[in-house]
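Take a look at the structure below.
A short reminder: the numbers here are calculations on the coordinates, not readings from a lab. Quick caveat: nothing in here was measured; it's all calculated off a predicted structure. Positions of Cβ are generated from backbone atoms using ideal geometry, with glycine treated the same way; all protein chains shown enter the neighbour counts.
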């Protein structure tokens, strides 16, 4: 990786950790902060993840493990509430780079796409429905809500991406580093217990 790519990744990593930005917006904002043209090549997500891990190790090593554990426990609560929809945790909370500013991203694999929304309505859980980019670039429904996290003393964003049950098979393919990009209820329980 060349020095410019490393510089962009480092600046973006700071934005991810300190401001809670997602990777795409962090990379674009890093270009602006560094005064680079908008068409400058962006670092790949793997390089940004490495830079995020470095930033956490240097500046947040004393607080991040506790924040990550609290977020994983909150994710487990929501996954258990929605167990009938085959929940899988993804994103920074799953891969271990989350801080108190990170949101939860839980994919639900439903027999009926509207069933998860009906379950939230039945439980009087306020949410906002919107359309986001899915696992393979397709449009999927996301049900976004806010959940108190008493351990952190904050409210955390919880995003439930609703997929068809048949999408589960392809969702478990390993990433470019051979890691699982998401974990089911048993995997998250194991992380919380560790």
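Short-range pairs are left out: with C-alpha atoms under 8 Å and at least six residues apart, the relative contact order of region 34-146 is 17 percent.
The long axis of helix 3-19 is offset from the longest Cα principal axis of the chain by roughly 40 degrees.
One chain, two ends: residue 40 and residue 59. Fully extended at 0.36 nm per residue, the span grows by 4.1 nm beyond their Cα-Cα distance.
Compared with the alpha-carbon gap, the fully stretched path from residue 29 to residue 179 is longer by 51.2 nm at 0.36 nm per residue. Normalised by the number of residues in the chain, the average gap of Cα pairs under 8 Å and 6 or more apart makes the relative contact order 19 percent.
The modelled label-to-label distance between residue 121 and residue 22, using points 7 Å beyond Cα along the C-beta direction, is 2.6 nm. Take each peptide in 87-99, 126-138, count the other Cβ atoms within 10 Å of every residue, and average; sorted highest first, the result is 87-99, 126-138.
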